[in-house]
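The values are calculated or read from the model by the stated rules, or taken from the named source; none is laboratory data. Quick caveat, the model's predicted, so the values are computed rather than measured. Ideal geometry is used to build each Cβ from the backbone, glycine not excepted, and the neighbour counts take in all protein chains shown. Remember, those area values only see protein heavy atoms, side chains included, never the ligands or the DNA or RNA. Shrake-Rupley method; radii C 1.70, N 1.55, O 1.52, S 1.80 Å.
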Amino acid sequence: MNTTTPEPIGWTRHIDWVEDIEAVSWSAGAGRPIVLIHGIGPGTCGLANFEPVLDALLEHGQVHLLDLIGFGASGRKHSAPLFDVELWQRQLRTVLQRIGTPATLIGNSIGGALAFRCAASEPSIVAVLSIGAPLCASPPTQALRDFWTVPQTPAALAKAMAPMTAAGIKPSAQRVAARFAPFADSAFAAYFAELLGDPQQALADVALDLATAQRITCPMTLVHGWQDRACLLEPTALAFNRLRPDADAVLLGQCGHNVTWERTADLCRVLTAFLQRTELE
């Protein structure tokens, strides 16, 4: 467990055990369950990805904020492969079983692909939304390779994070410090290097093929930035939309990969419309 990970204040902490690994999540609010699945990158955790939109989501249900195994406050896997899509799927199913009622999934980046894969196998999912997700296999971009490289200094991390926005703006020193903190532990740095040692295989492992895409029966929405340099729009979101033209697609201009921080107000409006619509279906 990473003790440097910030926790959402006032939320209830949960521990699920997945193959003897401690999987941590938090919940707050009441009503329909909304499960949030973060992406994968240096210092990533549930709060790091979704903090700007949590208040808006809490207006629509009980929010469950996950730290995927290997990230945030959750434990780590100790044997290869560390990038383990099936393990994360089992973590999701464990949380859903604990919640015990139909849920809505919202995933960021890799988390969006994990959410869609889960929706393909879990009939209890009532709706699914992805944000900047690599839903279809494509070669890793240079921006993604740089972002998935172990940062040696906070300055190096800030440089790698800048292309995640359309304008190439470096994040605040506070955000960089929070995301760099886990790398003070050399064991975590080695873990991260092995986890993302083969970006092309990682993207192939998480991508959805036609058969998997066709098994999703709930409403789907894709949110993507036009200027996403990490997960290019055409081979990821639009490629999936060709597999499933019934999925809604929301494309945000002047927006890169970091949608939740870059276009927060617009994303909140999209999330609100999505949740209000799927409440009625």
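Quick check on this structure: which one of 36, 92, 66, 58 is in contact (Cβ under 8 Å) with a residue 12 or more places away in the chain, open to solvent by 10 Å² or more (accessible area, probe 1.4 Å), within 17 Å of residue 13 (Cα to Cα) and out of contact with any Pro (no Cβ under 7 Å at 6 or more places or on another chain)? Can you show your working first?
Numbers: 36 fails: open to solvent by 10 Å² or more (accessible area, probe 1.4 Å); 92 fails: open to solvent by 10 Å² or more (accessible area, probe 1.4 Å); 66 fails: open to solvent by 10 Å² or more (accessible area, probe 1.4 Å).
Checking each option against the conditions leaves just 58.
Counting only residues that are in a helix (DSSP H, G or I) and either exposed (fewer than 15 other Cβ atoms within 10 Å of the Cβ) or in contact with a helix residue (DSSP H, G or I) (Cβ under 7 Å, 6 or more places away or on another chain) (or both), the stretch 261-281 holds 12 of them. Can you go through 146, 84 and tell me which one is closer than 27 Å to residue 255 by Cα, open to solvent by 10 Å² or more (accessible area, probe 1.4 Å) and free of Cβ contacts under 8 Å to residues at least 40 places away in the same chain? Only one candidate qualifies: 146. Answer with yes or no whether residue 8 is out of contact with any strand residue (DSSP E or B) (no Cβ under 7 Å at 6 or more places or on another chain) and either surrounded by fewer than 24 Cβ atoms within 10 Å (Cβ to Cβ) or assigned to a strand (DSSP E or B) (or both). It is false that residue 8 is out of contact with any strand residue (DSSP E or B) (no Cβ under 7 Å at 6 or more places or on another chain) and either surrounded by fewer than 24 Cβ atoms within 10 Å (Cβ to Cβ) or assigned to a strand (DSSP E or B) (or both). The number of residues in the stretch 224-256 that are open to solvent by less than 20 Å² (accessible area, probe 1.4 Å), under 23 Å from residue 163 (Cβ atoms) and part of a loop (DSSP other than H, G, I, E, B) comes to 6.
Among the residues of the stretch 88-132, write down those that are in a loop (DSSP other than H, G, I, E, B) and touching a Leu at 6+ places or on another chain (Cβ under 7 Å). Quick ask: steps written out before the conclusion?
Taking the stretch 88-132 first, the residues in a loop (DSSP other than H, G, I, E, B) are 100-102, 109, 122-124, 132.
Once the filter is applied, which keeps residues that are in a loop (DSSP other than H, G, I, E, B) and touching a Leu at 6+ places or on another chain (Cβ under 7 Å), the stretch 88-132 yields 122, 124.
Here are 118, 136: which of them is within 24 Å of residue 54 (Cβ to Cβ) and either open to solvent by less than 10 Å² (accessible area, probe 1.4 Å) or at pLDDT 95 or above (or both)? Give the derivation first.
Working: 136 fails: within 24 Å of residue 54 (Cβ to Cβ).
Going through 118, 136 in turn, just one is within 24 Å of residue 54 (Cβ to Cβ) and either open to solvent by less than 10 Å² (accessible area, probe 1.4 Å) or at pLDDT 95 or above (or both): 118.
The numbered conditions (1) over 18 Å from the mean Cα position of the chain (by Cα); (2) part of a helix (DSSP H, G or I); (3) under 30 Å from residue 157 (Cβ atoms); (4) not hydrophobic (A, V, I, L, M, F, W, C) are all true for residue 197 except (2). When the stretch 186-201 is filtered for residues that are surrounded by fewer than 16 Cβ atoms within 10 Å (Cβ to Cβ), in contact (Cβ under 8 Å) with a residue 60 or more places away in the chain and within 13 Å of residue 42 (Cα to Cα), only 194 remains. Residues considered: 151, 163, 171, 182. Of these, the only one that is within 19 Å of the chain's Cα centre (by Cα) and either assigned to a loop (DSSP other than H, G, I, E, B) or among the polar types (S, T, N, Q) (or both) is 171.
Just to be sure before I move on: is residue 182 within 28 Å of residue 213 (Cα to Cα) and in contact with a Pro (Cβ under 9 Å, 6 or more places away or on another chain) in the structure I sent? No.
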